[in-house]
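Rule-based calculations on the coordinates, nothing more; no lab input. In this text the structure is predicted, and so the values were computed from the model without any measurement. Counting neighbours? That spans all protein chains shown, and the Cβs are built from the backbone with ideal geometry, glycine included.
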Ligand code: SF4
């Protein structure tokens, strides 16, 4: 993919003396889902303690945080990549507020499409917001609810909003995990000894030796406390809408999401791409690392063309890296990637990428691979052209940014400078999962599975949400 399009990662744990440390490791495993900010909230002795900051998990927390500062037996954590709201520390999550029932903290992955409407109404009634984030709207709705218990108030509040969410709430006594009725974003439940854990992806369980139990079901509000688990239900949706992009790009290949191993589905994408768009004269298959590695393996396996590592990615570059040499052509891509000349020289190369958003990075990569000596560069993309913005938690928000929304395949090929360019078709993409009717493909088809805001504006609150 040619620009970072992470959404957000959430992690929660209840019933462990080292809850904050576990959250730290869980967030560490979920770093790929958001790198703008990170935070952990811990329940301890009737209070909710919080630490948040901008940057990577390893930059926000240090060893000293895990003494008394973040002591407690239940915690939630969040890695943020903003899909609505400005990128600043006020918008870092979890968000903690005090309401009539005491303190509560929230961490959200998704996008509430009607947040602006709710917020306008509340502001007219005198409400004050601390952030520009859509997630804060839900905390206000919880505070206004007349439900008898906090879980009932959460159920009531979530019943009033539309859009995508995997939410974690923390009170001094309970961890509440909720997933929207269409199940847009993943949320998994696991066990670590006597503690229960929840996370966006199962790779967060593996890092601490926790075991996956099941997904939080679409429309489920799962209450976890000292007494065990209690499952409440939101009204059922007409259809499910799991985000297919989780399999194409967002989730780690070692995770399981929507009940399927990501590696298996991503390899299948590569196999289908090879079937649909072979490149029989090519000498080698290479990938745009790391996100296209698994699809490239699938393409190589199905085509019988050898997989080689022709591009190397430097993993130690932060999001805010600024090259000291401003005039270096393609400097950003050259800082991030290098070629293996011995692999590329004189070879006809099939280069696999997972998706194309703007095409600008791919253009630089094609140039880089040619300068590394490749005789021909044939690009194969393991997803269809992205033609429509996402309104459900992924930062593909402006149609004007999408090269395929405004140019046909030949024009995109000419722009990126490849010898040939082919995308996986929507028909083949739908075949990658057993029940395509349960998935959202809207950014490829424009066929949205739920209402979208009429004029979506990333900074719609423009003065403090979520990924
Ligand atoms: S529009 Fe695309 S990115 Fe957004 S939820 Fe649907 S499939 Fe996922």
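Where both partners of a DSSP beta bridge lie in the range 261-444, what percent of those bridges are antiparallel, to the nearest 5? About 15 percent, rounded to the nearest 5. What is the list of residues in the range 334-371 whose amide nitrogen lies under 15 Å from a point 7 angstrom out from the Cα of residue 317, following Cα to Cβ? Inside the label zone: 334-340, 360-369. By other beta-carbon atoms within 10 Å, ranking 416, 198 with the fewest at the front produces 416, 198.
Reported to the nearest whole Å, the Cα centre-to-centre distance from the range 175-229 to the range 5-42 is 13. Distance between the modelled labels on residue 173 and residue 420, one decimal in nanometres: 6.6 nm (7 Å Cα→Cβ projection).
Estimated from the Cβ-Cβ distance and a Förster radius of 45 angstrom, the FRET efficiency linking residue 401 and residue 254 is about 0.90.
Taking 12 Å as the cut-off, the amide N atoms of the range 260-301 that come nearer than this to a point 7 Å along the Cα-to-beta-carbon line of residue 434 belong to 260-261.
With n ≥ 4 as the cut-off for DSSP H runs, can you work out [θ] at 222 nm for the chain, using -39500 (n - 2.57) per run divided by the number of residues, rounded to the nearest 500?
Using -39500 (n - 2.57) per qualifying helix, the result is -6500 deg cm²/dmol.
At a 10 Å Cβ-Cβ cut-off, how would you order 49, 399, fewest neighbours first? Display every interim value, and only then the final one.
On the way: 49 21, 399 13.
Least to most surrounded, the residues fall as 399, 49.
As a calculated quantity, the FRET efficiency between residue 264 and residue 371 at R0 = 45 Å, using C-beta atoms, amounts to about 0.80.
Inter-label distance, residue 144 to residue 290: 4.3 nm, where each label sits 7 Å from its Cα along the C-beta direction. Does the range 9-241 classify as rounded, prolate or oblate by the C-alpha gyration tensor (a ≥ b ≥ c root eigenvalues; a/c under 1.5 gives rounded; else a/b over b/c gives prolate, otherwise oblate)? Cα axes put the range 9-241 in the rounded bin.
A Förster radius of 60 Å, combined with the Cβ-Cβ distance separating residue 100 from residue 348, puts the computed FRET efficiency at roughly 0.30. Length available on full extension from residue 127 to residue 90: 0.36 nm per residue minus the Cα-Cα distance, which gives 11.6 nm. Full extension of the chain between residue 47 and residue 17 yields a length gain of 9.2 nm, computed as 0.36 nm times the residue separation minus the alpha carbon distance.
Output the antiparallel fraction of DSSP beta bridges having both residues in the chain, as a percent to the nearest 5. Before the final figure, lay out each step's value.
Details: 67 of 86 bridges.
Percent antiparallel among DSSP bridges in the chain is about 80.
The distance separating the Cα centre of the range 91-108 from that of the range 137-174 comes to 11 Å.
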